[in-house]
Amino acid sequence: MARISDETRRNNETAIRHVMERLLAGDVPPGGKCDIKTLATQAGVARTGFYPKKNRDGSPRPGPYQHLAEEFERRLTELRETGVIPDPRAAQIERLKEQVSGLKERLAARDEQIGGLTDFRQRALSQIAAQRMEIERLREVLSAQSNVRALTRVPKATIPYGSHR
């Protein structure tokens, strides 16, 4: 693989730093993310230059732009820790995750409320059925021959004032 000249490396590093500042400021191109792949693509350098390499003897050596990748990741982490998400797409994803979480909580509360209302409805229907059965039983007792007599209702107009009827 051909080596690049020091001047080309400096130009590439300048381009990478320029793109890095844009990405961290939130200027993410359409279809891109705030990541190393977009950084490399926008700077016009190979992404492999951001990762460690191996010498012929198998010993590791840093990639030519690995220090810039580490700086980019460190600054991106710092931004995220302060609550700033430079990637609008990632910010939207976080916002939607929070919204989904809130909706799940509301749904759980509604399910609990519906469960309570269903139990209440079942109890109310049971009580109404029991009361109806008791009314029917009392009507049967009243209609059967027994020593129980029904009281006749006297219209209110015929009851003298002050009477305790």
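With helices defined as uninterrupted DSSP H runs, which ones in the chain have an alpha carbon span along their own long axis of at least 30 Å and mean Kyte-Doolittle hydropathy of at least -1.0? Qualifying helices: 88-143. Exposure proxy for THR8, THR152: other Cβ atoms within 10 Å of each Cβ, ordered fewest to most, give THR152, THR8. The count of lysine pairs in the chain that are at least 8 places apart or cross chains, and whose C-alpha atoms lie under 26 Å apart, stands at 5. Among TYR51, ALA15, GLY83, which residue has its Cα positioned farthest towards the positive end of the charge dipole of the range 6-86, with +1 placed on the Cβ of Lys and Arg, -1 on the Cβ of Asp and Glu, and the dipole taken about the Cα centre? About the Cα centre, the residue reaching furthest to the positive side is TYR51.
Distant-in-sequence amide contacts of LYS53, defined by a placed amide H-H separation under 5 Å and a gap of 5 or more residues or a different chain, comprise ARG61, GLY63.
Please give the net charge around ARG74, taking every other residue with its beta carbon less than 12 angstrom from that of ARG74, where Lys and Arg add +1 and Asp and Glu add -1. Cβ neighbours under 12 Å give a net charge of -3. Among ASP119, ASP87, the order by Cβ neighbours within 10 angstrom, fewest to most, reads ASP119, ASP87. Counting every other Cβ atom within 10 Å of each residue's Cβ, ARG47, ARG74 order from fewest to most as ARG74, ARG47.
From the coordinates of this entry, Rg/Rh (Cα atoms, Kirkwood Rh) is computed, and it appears in (1) 1.04; (2) 1.69; (3) 0.97 under the label (2).
Read the figures in this text as sums done on the coordinates, not as results from a lab. Given the structure is predicted, the values throughout are model-derived calculations rather than measurements. Note that we place each Cβ from the backbone using ideal geometry, even for glycine, and neighbour counts take in every protein chain shown.
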